[in-house]
Structure formats: structure tokens, C-alpha cells
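Before any comments, here is the structure.
Every number here is computed from the coordinates shown, using simple stated rules; none is lab data. These numbers were taken from a predicted model, which means no experiment stands behind them. Cβ placement follows ideal geometry from the backbone for every residue including glycine, while neighbour counts extend to all protein chains displayed.
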Amino acid sequence: MEFFQNPQDNPERATLDTTKVVFATHNSRENLMPESKKKFHYSIAKFLHWIAAFIIAFNLLSGWRIGDFPLDQKRILIMIHSGIGTTIFLLMVFRWWWRKTRKLYTPPGWYKRPTMLLQWILYPLLLIQPVIGVVQAAYINYEVRAFGFINYSALAVANERLHSIFLDLHGQAAILLIVLILLHGVERSRKAFI
Ligand code: HEM
């Protein structure tokens, strides 16, 4: 590796190499990372992506129907829905951390690519949607217990006006999520098959 040469041999090159060395340190750690380790990091990211995709699709498709059920069934359905919603929140936080700490999916100039920006819009939106869900559950007039024990409805006194404001927000964010996820899906499948 030329920049490990002894600078005394070629003082002129030494100065050049020092800048190169600085640059290399950042990237070289990346470049020096064994390919197998990089592959492992990406396979975990992909595995978490599909777990998230599955449970997000479940909540997006099932949430609309919850309101139509009688109270005793609604309590069970919302226990599942809010539990899955809470899991989505924790999973997205973990995915964001895994991606950031392992510098995954950051090709040069990634922020200029609409497809990458779309992915980065989905992360905060998938953190905001569960939070709106929790706020909505806090003002609802029946018990919402995620996983059967996290009592979100105990967070505040029932308030129909605030509940319906956050239910509308929750519904609108869900529609935006459906549109962006479909766009992401079309873009990825186009990339995969064309
Ligand atoms: C990414 C996660 C989530 C998604 C995609 C999602 C999606 C949805 C959708 C599409 C609806 C129907 C909205 C409507 O009828 O206008 C809904 C309703 C609801 N969601 Fe979520 N939700 C998520 C997380 C949560 C969380 C974490 C909670 C609570 C802690 C929650 C609580 C509720 C409640 C209480 C309803 C209303 C049920 C009713 O009509 O009585 N959601 N959700």
C-alpha cells in the first residue's frame, strides 16, 4: 500500500501521502472491513426490513376496520394493533441505529437521489405514526393496552374532541404511508426486474 511507504524515501510524496492518509483513515476503515462483515451487516438490515414491511402492512391494512367492531372485540384488536404499532416504533429506531452506525446505504451523493430520500422520509414517518397512535389512544373512551399490559389509555383523561383530531391525523398519516410505501415498492421492483 503506497501511503504506508516511509516518507523519508520520498519527502515530496510524503506531504501528498499525508493528506491521502487522512482521507484513507475514514474510508480505509470501511474499505478494510472484511467483505464478509459488510455482507453480514447488510443481510441483517435486509432481514429487519422485511420484518418491518410485514408488520407495517398488517397495521396499515387492519387498522381501518377496528372502529367497526363491538367494544369487547375492539379491545382485543386494538391490543394487537397498538402492540404491533409499538413494535414498529422500536424496530424503526433499531434499524435507523443499525444503518447509521454501520454506514449502510450511503453511496456517494445518496441525498441527491429521490429513491434514497424516499427511504429517509419513511423512517421519521414510521416513528411519528405510532406516536400519533399513542396520543390518540390516550384520549380514547375505551381501554387500549398494548401487548395486554401497556395501558396507553391511562395516559390522559378521555376527550372525544382530541381523540377524533388525532384519529384523523393517524388516518391521514396512514394514507401518506400507503402512497410512499407503494412508490418505494414500485421503484425497488423496477430496479430488481428491469
Ligand atoms: C406504524 C404503526 C401504525 C399504523 C400503520 C397504524 C395504522 C392505523 C390505521 C390505518 C387506523 C385506521 C384509522 C382510521 O380509521 O381513520 C388506525 C386506527 C387506530 N390506531 Fe393505529 N397504527 C399504528 C400504530 C398505532 C399505535 C402505536 C397505536 C396505539 C398505541 C395505535 C392506535 C390506534 C387506534 C386507537 C385506532 C382507532 C381505532 C378505532 O377506530 O377505534 N395505532 N391505525
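For segment 95-151, what does the equivalent ellipsoid look like in terms of its semi-axes, each the square root of 5 times an eigenvalue of the Cα gyration tensor, given largest first in whole Å? Show your work: numbers first, answer last.
Values: eigenvalues 236, 36, 7 Å².
Taking √(5λ) for each eigenvalue gives 34, 13, 6 Å, largest first.
My understanding is that a pair violates if its Cα-Cα distance is over 30 Å; which of LYS38/LYS191; LYS39/LYS112; LYS74/LYS191; LYS74/LYS100 do that in this structure?
Details: LYS38/LYS191 22 Å; LYS39/LYS112 25 Å; LYS74/LYS191 41 Å; LYS74/LYS100 38 Å.
Beyond 30 Å between Cα atoms: LYS74/LYS191; LYS74/LYS100.
What's the percent breakdown of Cα-Cα distances in segment 74-194 across 10 Å bins, shortest bin first?
The distribution over segment 74-194 is 12, 35, 30, 17, 6, 0, given as percents.
Within segment 133-167, name every residue whose backbone N is under 15 Å away from a label modeled 7 Å from Cα of ILE175 along the Cβ vector.
165-167
For an R0 of 30 angstrom, estimate the FRET efficiency from the Cβ-Cβ distance between ILE66 and PHE193 and round to the nearest 0.05.
Working from the Cβ atoms, E equals 0.25.
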